[in-house]
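Please find one structure pasted underneath; my questions will follow.
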Amino acid sequence: CQSQCSGKRETTSCLLRYLSRYGLGPNGGIVTSLNLFATRFDQVMKFIEKRQNASKYVIIDTPGQIEVFTWSASGTIISEALASSFPSVVVYVMDTSRSTNPITFMSNMLYACSILYKTKLPFIVVMNKTDIIDHSFAVEWMQDFETFQDALNQETSYVSNLTRSMSLVLDEFYSSLKVVGVSAVLGTGLDDFFVQLSKANPHVTLYLQEKAQNKEKREQLEHLWKDMGSVWSDDASAMSPSELILTRGTLDEEEERESDTDDIDHEVTEESHEEPAFRNFMQETRVKYQRRSNPNE
């Protein structure tokens, strides 16, 4: 396909033909497209590097289906590649007008929480469509547990009980969450959004911190291994840690001769106990079956 399609439009058309040929639906098409995109993401990284001095921000819109990008291998490759090379912030955009129901709102918050802990990147929740309904009700639900409970009391479905329990768990998540309301149509709230973006401090992310900590631990282990290798003999220093652990309990020839349990055949001893136990089990089972077959006896 790559050899036959040179331009962007031709590549898209070629991809659609392949999706049609293999009978892929919308979900399969999204996953396939994301996997193909991940194989060429190095080109996107090079493009960002060329434009980083000319552009202040680079916006990457991920697939609308959260599970496809957040929990797929391709999505992880893309997000980690960006986070390890550039200051990155995750912006979770939710439809405010469709989140007036407390259960729907809680579903959105669970999605946001899962993305935050999966990516470990600075995170901002953007409540869009504030021109239809103000997002103040959602902020109040996040700050006041009793208000959210009052809204849940109006729901009669069984999911409301589960949502009520989850709302307690997300209190800590709410305390550190950055939220801003915007209207993509009117452009209101964008100034507040860029203020929150500047406060996100993307230069020091949990991802980069863990990467630095793992590197530091790896260096410490290497230094420790070199120090221990200088004490051991040449044969011992050539062994891997797992080999050393396995050989740590090996007995010398003299200790093997002095051992009192070496003359015991453990396999024979174990089998001698298993055989009568199995015989007794079969006999009890036979008696129970006969009693069940002849209840009058």
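Counting Lys and Arg as +1 and Asp and Glu as -1, what is the net charge of the other residues whose Cβ lies under 13 Å from the Cβ of residue 197?
Net of charged neighbours comes to +1.
Accessible area per residue for the range 25-184 in Å², computed with a 1.4 Å probe and the full protein assembly in place, what is it?
It amounts to 56 Å² per residue over the range 25-184.
Return the carbon/sulfur percentage of the accessible area of the range 40-135, one whole number, probe 1.4 Å, all protein chains in place.
Percent of accessible area from carbon and sulfur atoms in the range 40-135: 54.
Beyond 29 Å between alpha-carbons counts as too far, so tell me which of 46/178; 50/217; 56/178; 50/129 fall in that bin.
46/178; 50/217; 50/129
Right, here's the next one. List the chymotrypsin sites (Phe, Trp or Tyr not before Pro) within the range 146-196 that fall in a DSSP loop (any state other than H, G, I, E or B) and whose Cβ has at most 11 other Cβ atoms within 10 Å.
158
Further question: Show the residues, 5+ positions off or on another chain, whose built amide H is closer than 5 Å to the amide H of residue 181.
Residues meeting the amide H criterion: 127.
Restricting to DSSP loop positions (anything but H, G, I, E, B) with no more than 13 other Cβ atoms inside 10 Å of their own Cβ, which chymotrypsin sites (Phe, Trp or Tyr not before Pro) remain in the range 62-118?
71
The values are calculated or read from the model by the stated rules, or taken from the named source; none is laboratory data. Note that this is a predicted model, so its numbers are computed, not measured. Note: ideal-geometry Cβ built from the backbone for every residue, glycine included; neighbour counts use all protein chains shown. Only protein heavy atoms, including side chains, enter the accessible area calculation; ligands, DNA and RNA are left aside. Shrake-Rupley method; radii C 1.70, N 1.55, O 1.52, S 1.80 Å.
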